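> Got a structure for you, written out below as structure tokens; questions coming shortly.
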Amino acid sequence: MVRGKPLRNVGKYSQTHTRYFYNTFCNNSSILKCPDVFVFFSVLEISVFSMVSKEITRYIADYISTVAWKNKMILQSFHHSSRIEQKSTTGHYRDLGVLFKRCTLLLSTKDRLKFIFKILRGVLLILLQTLIAGWDELECHRVFNFLCDLTNLQQKTEGVITAKPGWYQELQLRLFCRQVLLDPWPNQPECHFWLMQLLKPWPLVSQAHLLFILYGPLLPEGEITGLPHTALWHLAKAILLLFGNLQVKGWSTDSMITIMEELIVIPHPWHVENVARLLVLCGSNLCYTVLASKALNGRLLEISRIIVYIILVCEKDGYHMSWAVKLVQEICKVFTTPPEKFYFIQQLENTFSEVTREFFEFSVAGNHFDDRETFQTLCILLDSCAHFHTKFLHMFLR
């Protein structure tokens with residue numbers, strides 16, 4: 001029966017046909033639970049079959065929600081060479097509409113729309129990308145404003161960044177903005193444009209908060225010592241996307257530094273190793289700009305501690321230690337007199353000793369000798385110190 005000819009005149013099916021489908025599939029649960037069985041039916045036939053029972057409706061809803069089915073049945077080209085092919089495509093999408101209507105008959109209007117939007121979201125994004133490709137910036141602004149009005153995006157964003165942090169609401173905003181407005185774009189300029197539109201209406205402090213919601217690590221409660229680089233990679237990419245070219249209208253070094261300063265205290269002050277790892281991921285130019293600004297403002301204790309952890313991160317994550325040596329060399333040039341440079345180097349060396357002592361004292365206190373992670377970090381710190389000073393001395397001796 002299954003491999004027979006496709007059924008025609010579906011709208012005129014008799015009760016015998018319907019009962020035949022029902023008896024064949026519903027009485028054999030193993031067949032019903034195999035989604036491949038539906039590949040033998042046309043879209044319109046599946047739509048009729050979906051009205052047989054609630055159980056079959058549920059199976060069909062699950063089936064048409066799969067990526068494989070959506071790629072095969074929905075993501076089809078709209079461009080055809082002949083009128084016959086165009087007519088066939090029009091009929092195909094009309095049948096899809098009937099299928100969605102019939103398999104959601106028992107749902108409320110709100111739930112029906114949610115289900116259909118979930119299935120068609122990928123198509124809508126492709127259509128949006130295709131539609132506005134090549135449009136000038138003014139027209140793209142109008143598209144963004146329309147989407148904001150349609151989804152109440154500005155009000156929802158304001159509610160999230162001004163209210164007490166709520167993980168569920170923040171995650172909803174993150175998923176919508178990333179999946180609909182940001183991630184689908186294959187090229188950086190388009191992604192930069194949409195990210196700018198999301199951030200521009202808000203003051204710098206709120207921009208930092210929104211940037212963290214969109215790209216920051218999904219943190220559990222409490223402080224995390226040493227997030228992996230994968231947890232910070234998307235945030236670093238977003239920062240580079242925004243500030244990689246400070247010639248872009250509306251951005252300056254000061255605004256970049258302000259946002260960076262705010263980021264590393266959301267939702268609470270970060271552990272120094274996480275700050276260091278984010279700066280390393282952001283690359284030489286941005287890392288230097290942030291640390292040089294702190295140096296000019298006399299925050300030597302702070303930058304010395306960050307540099308020690310940058311050296312630790314380089315050793316942990318496999319970066320060349322010569323990168324950290326060149327960074328220290330460039331920061332030294334910020335200071336204009338030999339005594340200032342000497343004081344900076346002295347402060348850096350003292351911080352090495354202080355951080356090493358902290359790790360050792362933590363291991364000793366409360367019999368933490370069994371804490372292999374802390375002991376391992378202490379060993380890595382000692383190795384990183386040796387490698388850094390080897391490169392540093394070699395730079396002066398060659």
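The values are calculated or read from the model by the stated rules, or taken from the named source; none is laboratory data. Because the structure is a prediction, the values reported are computed rather than measured. Note that we place each Cβ from the backbone using ideal geometry, even for glycine, and neighbour counts take in every protein chain shown. The area values use the complete protein model at the heavy-atom level, side chains included, leaving out ligands, DNA and RNA. Shrake-Rupley method; radii C 1.70, N 1.55, O 1.52, S 1.80 Å.
> Take each of the peptides 204-215, 282-293, average the number of other beta-carbon atoms within 10 Å over its residues, and list them starting from the highest.
By packing density, highest mean first, the sequence is 204-215, 282-293.
> Hey, another quick one. Going through the cross-link list LYS237/LYS333; LYS72/LYS118; LYS54/LYS156; LYS156/LYS294, which pairs have a Cα-Cα distance over 24 Å in this structure?
Those over the limit are LYS237/LYS333; LYS54/LYS156; LYS156/LYS294.
> Under 8 Å for C-alpha pairs, at least 6 residues apart: give me the relative contact order for region 294-397, rounded to a whole percent.
35 percent
> Under 14 Å from the Cβ of HIS320, count the other residues' Cβ atoms, weight Lys and Arg +1, Asp and Glu -1, and hand me the total. Spell out each step's value before the answer.
Numbers: positive: LYS316, LYS326, LYS391; negative: GLU315, ASP317.
Cβ neighbours under 14 Å give a net charge of +1.
> Run down the aspartates and glutamates and flag those whose C-alpha is under 13 Å from the C-alpha of LYS200, throwing out any fewer than 8 positions away in its chain.
Here the aspartates and glutamates satisfying the reach criterion relative to LYS200 are GLU158.
> Could I have the simple spin-label model distance between SER108 and LEU171, label points 7 Å from Cα toward Cβ, reported in nm to one decimal?
2.2 nm
> Also: Please turn the phi angles of region 340-354 into ³J(HN,Hα) values with the Karplus equation 6.51 cos²θ - 1.76 cosθ + 1.60 (θ = phi - 60°), one per residue in order, whole Hz, x for glycine and proline.
5, 5, 4, 5, 5, 4, 4, 5, 5, 5, 4, 5, 3, 5, 5
> What translational D, rounded to a whole number of µm²/s, comes out for region 294-397 from Stokes-Einstein when the hydrodynamic radius is the Kirkwood one over Cα pairs, at 4 °C and 1.567 mPa s?
Answer, rounded: 89 µm²/s.
> Give, rounded to the nearest 20 debye, the magnitude of the charge dipole that region 294-397 has about its Cα centre when Lys and Arg contribute +1 at Cβ and Asp and Glu contribute -1 at Cβ.
500 debye
> For HIS387, what accessible area in Å² do you get when you roll a 1.4 Å probe over the heavy atoms of the protein chains, rounding to the nearest 10?
Surface accessible to solvent at HIS387 totals approximately 90 Å².
> Another question, if that's okay. Quick query: amide H of HIS271 versus all other amide H atoms, modeled in the peptide plane; which residues come in under 5 Å with a sequence gap of 5 or more or a different chain?
Long-range HN contacts for HIS271: ILE224.
> Follow-up question, since we're still on this one. Counting only the heavy atoms of the protein chains, how much of THR390 is accessible to a 1.4 Å probe, in Å² to the nearest 10?
About 90 Å², ignoring ligands and nucleic acids.
> Oh, and also: With θ set to phi - 60° and the Karplus curve 6.51 cos²θ - 1.76 cosθ + 1.60, what are the ³J(HN,Hα) couplings of region 149-162 in order, to the nearest whole Hz, using x for Gly and Pro?
Calculated HN-Hα couplings, in order: 5, 5, 10, 6, 5, 5, 5, 5, 5, 4, x, 7, 7, 9 Hz.
> Hey, what do the phi angles of region 176-193 turn into as Karplus ³J(HN,Hα) couplings, whole Hz, using 6.51/-1.76/1.60 and θ = phi - 60°, x for Gly and Pro?
Running phi through 6.51 cos²θ - 1.76 cosθ + 1.60 with θ = phi - 60° gives 5, 5, 5, 7, 9, 9, 10, 5, x, 6, x, 10, 4, x, 5, 4, 4, 4 Hz.
> Something else now. Give me the net charge for the shell around ASN145: Cβ to Cβ below 14 angstrom, other residues only, Lys and Arg +1, Asp and Glu -1. Mind dumping the intermediate values first?
Working: positive: ARG142, LYS200; negative: GLU137, GLU139, ASP149.
That works out to -1.
> Next question, about the same structure. For a Förster distance of 45 Å, can you work out the FRET efficiency between the beta-carbons of SER65 and HIS389, rounded to the nearest 0.05?
0.15
> Within the set of other residues whose C-beta is less than 15 Å from the C-beta of GLY283, count the net charge using Lys and Arg as +1 and Asp and Glu as -1.
+1
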